[in-house]
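One structure is given here, and the rest of the page talks about it.
No value in this document is a laboratory result; all are computed from the given coordinates. Because the structure is a prediction, the values reported are computed rather than measured. Counting neighbours? That spans all protein chains shown, and the Cβs are built from the backbone with ideal geometry, glycine included.
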Ligand SMILES: Cc1cc2nc3c(=O)[nH]c(=O)nc-3n(C[C@H](O)[C@H](O)[C@H](O)COP(=O)(O)OP(=O)(O)OC[C@H]3O[C@@H](n4cnc5c(N)ncnc54)[C@H](O)[C@@H]3O)c2cc1C
């Protein structure tokens, strides 16, 4: 930690250096703003070998995208700080915005804050599942199903979303099994699954079976192993939003932070972008949210600067232009 980090007033501090945070920093850096990005280095898609569905970046390793992004923002003088923000509080004076506290004691001062901390995927607690997460235990057909098309696929019935996931997945493979596990399927659901060609296998799942670093199947309580090359689950999205609610940002009925279309929260000067605000955001969407927030945030700073300049202009006794 150097001295400038504790005293200098940044125009914006971005918390989280994933696609959302870095794209916000890129736009703000290019707008000649003084910006710092603090990142704890745990992006959501880190377990996956490849990132799909981002035009011009399809198939790129997730870490490579972030490495390029960090290099790009650094070109515009953005400070990249490896660390974790523990707490943000309003500064004593309104003009100086927020005080951002990092783990271990360092402090940053920011006129505006962008929270881009992402989410954590709450995985079902089944033995053998977490080890294969992002490899052949998958969640998003649009991210991963192409890579396992035409293979024997399973959907784990760990939550009500599993039926729709199985119906959707059938688009990529003719061999889709819904492992009912704890699901109690209605007659209508069974009909839809049968009509779509999805097989239902009853019985509680006891574990996922892997060999030689790849998924082999799903073991049921009766000892049967249903051979599958990949399975899909519906994780519980848990936003990393403690910083936002520490600042008293408003939430919606589901407990997620509320924002306008630019990511502006109910607290002036605080934006929330990417998966912390929207669990559906893919990498490209998260990056877009970061860019949109940066535009709005810069406009907000410009408006404040103009107001201050006008006040100073008047105080100086300068004549009004004719
Ligand atoms: C297994 C898997 C595979 C995926 N594959 C794809 C894919 O192929 N294509 C696709 O478009 N999407 C994919 N996704 C979704 C993708 O991960 C998200 O869309 C994307 O990561 C969202 O970006 P983000 O910037 O909001 O959050 P993240 O990428 O999660 O970045 C948030 C960053 O904030 C940091 N952070 C959190 N809290 C703090 C703190 N207090 N202080 C400092 N830093 C903090 C984290 O360490 C992290 O580095 C996948 C997701 C998973 C789980």
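Quick rundown of the values:
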read-out	value
Average projected area [Cα convex hull, region 237-322], square nanometres	7.8
Region 124-232: antiparallel DSSP beta bridges as a percent of all, rounded to 5	40
DSSP bridge pairs, the chain: antiparallel proportion in percent, nearest 5	45
Relative contact order (percent, whole number), region 124-232, Cα cutoff 8 Å, 6+ residue spacing	31
Square roots of five times the Cα gyration tensor eigenvalues for the chain, Å	46, 19, 17
Relative contact order for the chain, counting Cα pairs under 8 Å that sit 6 or more residues apart, in percent	20
Tilt relative to the chain, helix 19-30 - C-alpha long axis, 0 to 90 degrees, to 10	20
Degrees between helix 62-75 axis and first principal axis of the chain (Cα, 0 to 90, nearest 10)	10
Sum of -39500 (n - 2.57) over DSSP H runs of 4+, divided by residues of the chain (222 nm, nearest 500)	-8500 deg cm²/dmol
Fraction of beta bridges assigned by DSSP in region 29-162 that are antiparallel (%, nearest 5)	65
Kirkwood Rh in Å, taken over all unlike Cα pairs in region 124-232	13.6
Cα long-axis angle, helix 283-315 against the chain (0 to 90 degrees, to the nearest 10)	10
Order of 80, 22 under a 10 Å beta carbon neighbour criterion, fewest first	80, 22
Among 126-139, 108-121, 273-286, the order from most to least packed when residues are scored by Cβ within 10 Å on average	108-121, 273-286, 126-139
